[in-house]
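Here is the structure we will look at.
The values are calculated or read from the model by the stated rules, or taken from the named source; none is laboratory data. Computed from a predicted structure; not experimentally measured. Using ideal geometry, Cβ is built from the backbone for each residue, glycine included, and neighbour counts are taken over all protein chains shown. The accessibility values were calculated without ligands, DNA or RNA, using every heavy atom of the protein model including side chains. Shrake-Rupley method; radii C 1.70, N 1.55, O 1.52, S 1.80 Å.
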Amino acid sequence: LPRPLFPPAFALALDCGLWGMAVSCARGEYARKEEGGMGAYFIENTRFIHAAIAGILPAAFGCLLAFRTGIGWATALTALAIVPLAALWFTRFCAKRIGGLTGDTLGAANEIGETLVLLTFYCYHAS
């Protein structure tokens, strides 16, 4: 990855990772209903509208980066498309394997989203 793309890549990765968490919260259910935990409040109270609003910042930021830096529209749009899809897949995976989401799986959704954005940058800009 070219050095000038490090700041926009990492900034967009952080934004999209958090967006992925919001998507997972909106679509998932809490796995340990009887115990409660750190993630229970977020998972039980996040709705689709919250995830949609959370997606505005990464979308605006991705468009700004595509316009003002050399990342290109394809990189930004691919990153913005892949993160919510991966979050939905991961939420479904967690529902099948452990019965829902926990705070730890939300952290994993964040890391998956960030990693996918960085891989997108690498695939488009590796030299």
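So, by mean Cβ neighbours within 10 angstrom, what's the order for 43-53, 85-95, 12-22, 100-110 with the highest one leading?
Those peptides, ordered most packed to least, come out 12-22, 100-110, 85-95, 43-53.
Can you list which of the DSSP-assigned H helices in the chain have a Cα extent of 24 Å or more along the long axis and an average Kyte-Doolittle score of at least 0.0? Counting only whole DSSP H runs, the qualifying helices are 6-27, 73-98, 103-125. Calculated accessible area for the chain comes out at 58 Å² per residue, all protein chains present (probe 1.4 Å; ligands, DNA, RNA ignored). PRE reach from residue 125 (point 7 Å along Cα→Cβ): which of the stretch 36-66 fall under 11 Å by backbone N? Counting backbone N atoms under 11 Å from the label point, the list is 65-66. Could you work out the mean projected area of the convex hull around the alpha carbons of the chain, in square nanometres to one decimal? For the chain, the mean projected area of the Cα convex hull comes to 7.4 nm².
Across the stretch 72-127, Cα-Cα pairs more than 14 Å apart make up 56 percent of the total. The H on the amide N of residue 30, modeled in the peptide plane, is under 5 Å from the matching H of 101, each at least 5 residues off or on a different chain. Relative contact order, whole percent, for the chain stands at 44, derived from Cα pairs under 8 Å and 6 or more residues apart. Largest first, the residues 124, 41 sort by 1.4 Å accessible area into 41, 124. Charging the Cβ of each Asp and Glu at -1 and of each Lys and Arg at +1, and nothing else, the dipole of the stretch 1-126 about its Cα centre rounds to 260 debye. For the chain, the fraction of 1.4 Å probe accessible surface lying on carbon and sulfur atoms is 66 percent.
Placing +1 on the Cβ of each Lys and Arg and -1 on the Cβ of each Asp and Glu in the chain, which of 75, 116, 45 has its Cα farthest towards the positive end of the resulting dipole? The residue sitting farthest along the positive end of the dipole is 75.
The slack in the chain from residue 89 to residue 111, taken as 0.36 nm per residue of separation less the alpha-carbon distance, amounts to 6.5 nm.
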